[in-house]
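The values are calculated or read from the model by the stated rules, or taken from the named source; none is laboratory data. Bear in mind the structure is a predicted one, so any value in this text is a computation, not a measurement. Backbone-built Cβ (ideal geometry, glycine too); neighbour counts: all protein chains shown. When the accessible area is computed, the model is the full protein with side chains, heavy atoms only, and any ligands, DNA or RNA have been set aside. Shrake-Rupley method; radii C 1.70, N 1.55, O 1.52, S 1.80 Å.
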Amino acid sequence: MTELRATYRLQLGGDFGFAAARELVPYLAQLGVSHLYLPPSFQAREGSTHGYDVVDPGSISNELGGEAEFHALIAAAREHGLGVILDIVPNHMATDERNRYWSDPALRTKFFDVDEKTGRHRRFFDIDHLAAVRQEDPEVFAETHKLALQLVRDGVVDGLRIDHPDGLADPAGYLQRLRDGGARHVWVEKILDPGEPLRDWPIEGTVGYEFLNDVAALFVDPAGEAPLTDLWVEISGDDRRFGELAFEAKLEQARTTFAPEVERLAREAPERVAGLERALSSLPVYRTYVEPWSGKVADEDRHAVAEAGLPASWVSRLLLEVPGWEAFVTRFQQTTPPVMAKGVEDTAFYRYARLLALNDVGGDPSRFSVSVADFHRANAERAQRFPRNLLVTQTHDTKRSGDVRARIGALASMPEEFAALVRNWLSVCRSLTSGGAPTPVEQLFIFQTLLGTWPISEERLAGYLEKAMREAKQHTSWVNVNEAHEAAVQRFAKALLTHRDFLRAFLPFQARVAEAGDRAALGQLLLKLTVPGVPDIYQGDELLCLSLVDPDNRRPVDWDERRAALASDAPPPKLDLIRTLLALRRRRPEAFAGAYTPVEAGPDIVAFTRGEDEVFVAVRLRGDAALPTPAGTWETVLERDDLRVLART
């Protein structure tokens, strides 16, 4: 395998296929990454914009350029010293006539999880045209992974990223079959609740959302929690903790969106069950990993079930303490992840607006900040258990880019001023509302979004707000569109962009927020490039990136701008930092594969060494305390106001 230094995630589709990606290879090699990180590249349904709706896992996508262009891209990467990681989708395939496993009735019942009574298939989340695949069947696994494992064994790709393993009946068994098939470098899109340990699977680690949330919260000033909570309660009239809102949203999803899955689960129970929707909505994590076929129940499973606060009858069923519930438990564990994802990430995150920087994949907005000590602890555990875990600050699934998240997070350092401005804006913009829309909560959501993304076009803002309102499912939704409410919110948001009374106070405050947020974003980027793990850079994110949730984060990237910036004598700060630190990782690979040793520097500075005191890193989170300087002889790799990186001479 090519030395794993950093990955660069590309999104392919439309006019940007394998050939266009091949043209980027020299630029990415100069930037300093070690691996191209490709999205799903197998044949997807016609018109696919992302590749996650596969119709043939045994062939390369024709729309992206076909097999010849795929291998030409691989050859170009190898020529420039780059390896390749490929995203694959084992959990589901598209229900498309071009999918022979679906169109053939005999194959359909073998390959897909189909309800014999109703003929309905288990879906990927709430997407009807994506049907769950029975990877627990060895023959299904072998057939659907023939090409992926061949690419690994032939050295065409170095590793695999596994999409949504939590939907599988037996994630651990699946990952072991991958390892047995020759895939030794595997990352899983496993969403961990803060503090939840990753299971001891035969993998390199996760795709990195736990780091994203830890590093974002690290830069959130804990002093801002009380005033921002007071502001939220004042505006929303709701003093419940986020966990209560999340449970409410999960229960809504279990009773509506996932009613077909709940009905099937209830029917397959060995006896009538009460409170099924509540049980599905109560886990504090995405799922448990009880193994009915082996009888294995881990301590982590017992803890999760205990935290759910379920009646004793439910506890005994889910922990295999009563016989006859084995098939039910397997399906129950496959059902809690979509309830969690749609209830929390795609509903509650759009309702709860205390501080939107904390509302991202794998995050818990009730955890307002992370201490330096806790951040060090997480890094040390990663170094010991999964040293090649990916580290991200943005992906195609995040709710906002790292730069937007850092800007909004900076509000915690100026909470009283922000609260006063919000009250003022609610007053001066009252004339822009219509029929109670947008609500005060929606206005708070909009104000934070504008502070994070300014300047933003009317078109981008409108697209984002449509999605945000419908995901919140309070005044409109994808299923029941309230055109009057949406129109009123869109008129309000459009008017804000040119409203003089609003902009008079907004613009100078936004400039200060941007300055503080951009400093924090650079600090987070520096940590991503230096703590234990493998940094992953999302396409285009080497320059200032003010993106929002998909599809906004899939907009075309200006590659010419990035090539020119890399070739300039004075690259912009983000790109310069990435290039500098990746060059250091190339020169000192043993340091970044070695020890992680925290250096005590107070509550507002993160400092540590890598390797045998070969590299020293210090990042100021807030305040004006002096950055520490270690004893001995060091060369300066990077020095900015809040950042210091030294290498032992």
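So for the chain, taking the charge dipole from beta-carbon charges (+1 Lys/Arg, -1 Asp/Glu), which of Phe219, Asn379, Ile191 sits furthest toward the positive end?
Looking along the dipole axis, the top candidate is Phe219.
Under a point-charge model restricted to the Cβ atoms of Lys and Arg (+1) and Asp and Glu (-1), what is the dipole moment magnitude of region 128-193 relative to its Cα centre, in debye to the nearest 20?
320 debye
On the Cα set of region 300-365, report Rg and Dmax in Å, please.
Computed over the Cα atoms of region 300-365, radius of gyration and Dmax are 15.1, 46 Å.
Can you pull the three principal axis extents for the Cα set of region 287-438, in Å, largest first?
That works out to 64, 45, 28 Å along the principal axes.
Skip the ligands, DNA and RNA, and give the accessible area per residue of region 488-528 with a 1.4 Å probe, whole Å².
41 Å²
On alpha-carbon atoms, Rg over Rh for region 174-300 using Kirkwood Rh?
We get a ratio of 1.05 for region 174-300.
Given R₀ = 22 Å, what would the calculated FRET efficiency be for Ala631 paired with Ala595, taking r from the Cβ atoms and rounding to 0.05?
Rounded to the nearest 0.05, the efficiency is 0.80.
Going toward the positive end of the dipole of region 1-98, with +1 on Lys and Arg Cβ and -1 on Asp and Glu Cβ, which of Ile60, Leu73, Phe42 do you reach last?
Going by the charge dipole, the pick is Leu73.
State whether region 331-400 is rounded, prolate or oblate according to the following rule on the C-alpha gyration tensor (a ≥ b ≥ c being the square roots of its eigenvalues): a/c under 1.5 gives rounded; otherwise a/b larger than b/c gives prolate, and the remaining case gives oblate.
Oblate is the answer for region 331-400, as a/c is 1.5 or above yet b/c matches or exceeds a/b.
Pop out the ³J(HN,Hα) list for region 205-210 in order, Karplus 6.51 cos²θ - 1.76 cosθ + 1.60 with θ = phi - 60°, rounded to Hz; leave Gly and Pro as x.
For region 205-210, the Karplus-derived couplings read x, 9, 7, x, 5, 5 Hz, x marking Gly and Pro.
Evaluate the Debye formula for the chain with equal point scatterers sitting on the alpha carbons, no solvent, and hand back log10 of I(q)/I(0) at q = 0.08 Å⁻¹, in q order, two decimals.
-0.60
Can you give me the distance in nm between label points at Glu139 and Glu381, each placed 7 Å from the Cα along the Cα-to-Cβ direction?
4.2 nm
Starting from the Kirkwood radius over alpha-carbon pairs of region 284-335, derive D by Stokes-Einstein at 25 °C in a medium of 0.890 mPa s and give it in µm² s⁻¹.
My calculation gives 225 µm²/s for D.
For region 50-95, would you read off the P(r) tail past 16 Å as a percentage of all alpha carbon pairs?
Values: 491 of 1035 pairs.
Summing the P(r) of region 50-95 above 16 Å gives 47 percent of all pairs.
Rounded to two decimals, what ratio of Rg to Rh does region 376-436 give with C-alpha atoms and a Kirkwood Rh?
1.24
Return the tail of the calculated pair distribution for region 385-497, meaning the percent of Cα-Cα pairs more than 24 Å apart.
33 percent
Nearest 20 debye, what's the magnitude of the dipole of region 36-160 about its Cα centre given +1 on Lys and Arg Cβ and -1 on Asp and Glu Cβ?
Taking the Cα centre of region 36-160 as origin, the dipole is about 200 debye.
Ignoring ligands, DNA and RNA, please state the percent of accessible area on the chain from carbon and sulfur, probe 1.4 Å.
Answer for the chain is 49 percent, counting heavy atoms of protein chains only.
Between the DSSP loop rule and a limit of at most 13 other Cβ atoms within 10 Å, which trypsin sites (Lys or Arg not before Pro) in region 191-290 are left?
The qualifying sites are Arg240, Arg241, Arg272.
How much of Asp641 can a 1.4 Å solvent probe reach, expressed as accessible area in Å² and rounded to 10?
Its accessible surface works out to 130 Å², give or take rounding.
Explain nothing, just the number: dipole magnitude of the chain about its Cα centre with +1 on each Lys and Arg Cβ and -1 on each Asp and Glu Cβ, in debye rounded to the nearest 20.
For the chain, the charge dipole is close to 280 debye.
Can you sort Phe447, Phe247 by 1.4 Å-probe accessible area, starting with the largest?
Phe247, Phe447
Give the average over all directions of the projected area of the C-alpha convex hull of region 219-376, one decimal, in nm².
Mean shadow area of the hull around the Cα atoms is 10.7 nm².
How many lysine pairs are close in the chain, with Cα atoms under 22 Å apart and the two 8 or more places apart or on different chains?
21
Find, to one decimal place in angstroms, the Kirkwood hydrodynamic radius of region 485-629, where the mean of 1/r is taken over every pair of different Cα atoms and then inverted. Can you show the working numbers first?
Values: mean 1/r = 0.0545 Å⁻¹.
Result for region 485-629 stands at 18.4 Å.
How would region 78-154 be classified by its alpha-carbon gyration tensor: rounded, prolate or oblate, with rounded meaning a/c under 1.5 and the a/b versus b/c comparison settling the rest?
prolate
Taking the convex hull of the alpha carbon atoms in region 454-532, what volume per residue do you get, in Å³?
134 Å³
Which value in deg cm²/dmol, rounded to the nearest 500, describes the helix-derived mean residue ellipticity at 222 nm for the chain, given -39,500 (n - 2.57) per DSSP H run of n ≥ 4 and division by the residue count?
-13500 deg cm²/dmol
So how compact is region 31-124: Cα radius of gyration and Dmax in angstrom?
Every Cα atom of region 31-124 included, Rg and Dmax give 16.3, 55 Å.
How big is the accessible area of Thr433 in square angstrom, nearest 10, if you roll a 1.4 angstrom probe over the protein chains?
We get 40 Å² for Thr433.
For labels at Arg153 and Asn480 in the simple 7 Å Cα→Cβ model, what's the distance in nm?
Taking the simple label geometry, Arg153 and Asn480 are separated by 5.4 nm.
Show me, bin by bin at 5 Å from 0, the whole-percent P(r) of region 202-272 based on Cα pairs.
Histogram of Cα-Cα distances, whole percents per bin: 3, 11, 10, 12, 15, 14, 14, 10, 7, 4, 0.
Applying 1/(1 + (r/R0)^6) with R0 = 41 Å to the Cβ-Cβ distance of Ala106 and Glu3, what FRET efficiency is obtained, to the nearest 0.05?
0.30
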